[in-house]
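Worksheet for the structure shown next.
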Amino acid sequence: EVQLVESGGGSVQAGGSLRLSCAASGIFASSACMGWFRQAPGKEREGVASISPRGGMTYYSDSVKGRFTISRDNAKNTVYLQMNSLKPEDTAMYYCAARYSSFCRLSDDYGYWGQGTQVTVSS
């Protein structure tokens, strides 16, 4: 079965950094889009960043462009989200997701999901 396990969340001060990791199993990383999504209490889920199967293309929401970087290491079946210059509004549960496709836009349908890792940014 496909399993996605996020790690690296925590509590930081505004302006700080965190690096999230998503370890995938039961999936062919080189054939899968990988994405990061987040959801804060009372808000809709938001696509944050995604990356094409071999890492050639990346996509970001406008709210994180220039601050977050998504990357992947297919040999380790792992995708990362480097988050810099964190703001209180980045506070959310962050989820890793995957889909088998070369189309990896954040608006596309991601069928596999992890359990999430909490990111809290204090002012």
Restricted to segment 1-33 and to residues being small (Gly, Ala, Ser), part of a strand (DSSP E or B) and in contact with an Asp or Glu (Cβ under 9 Å, 6 or more places away or on another chain), the residue surrounded by the most Cβ atoms within 10 Å (Cβ to Cβ) is 21
Can you tell me how many residues within segment 34-54 are over 14 Å from residue 94 (Cα atoms) and open to solvent by less than 30 Å² (accessible area, probe 1.4 Å)? 3
Taking segment 112-123 and keeping only residues that are in contact with a Leu (Cβ under 9 Å, 6 or more places away or on another chain), part of a strand (DSSP E or B) and not β-branched (Val, Ile, Thr), one is left with 112, 113
Do any residues in segment 39-51 that are touching a residue at least 24 places away in the same chain (Cβ under 8 Å) and farther than 24 Å from residue 77 by Cα have Cβ atoms under 7 Å from those of residues that are surrounded by 13 or more Cβ atoms within 10 Å (Cβ to Cβ) and among the hydroxyl-bearing types (Ser, Thr, Tyr), where the two are at least six apart or on different chains, and which pairs are they? 40/91
Considering segment 78-106 alone, what residues qualify as being modelled with pLDDT of 95 or more, polar (S, T, N, Q) and open to solvent by 30 Å² or more (accessible area, probe 1.4 Å)? 82, 84, 85, 91
Considering only residues of segment 64-75 that are touching a strand residue (DSSP E or B) at 6+ places or on another chain (Cβ under 8 Å) and touching a residue at least 12 places away in the same chain (Cβ under 8 Å), which is most open to solvent (accessible area, probe 1.4 Å)? 69
Mind listing just one residue for me: the one in segment 107-123 that is under 17 Å from residue 21 (Cα atoms) and hydrophobic (A, V, I, L, M, F, W, C) and, of those, surrounded by the most Cβ atoms within 10 Å (Cβ to Cβ)? 119
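The values are calculated or read from the model by the stated rules, or taken from the named source; none is laboratory data. The structure displayed is predicted, hence computed values, not measured ones. Here Cβ is always computed from backbone atoms with ideal geometry, including for glycine, and neighbour counts include all displayed protein chains. The accessibility values were calculated without ligands, DNA or RNA, using every heavy atom of the protein model including side chains. Shrake-Rupley method; radii C 1.70, N 1.55, O 1.52, S 1.80 Å.
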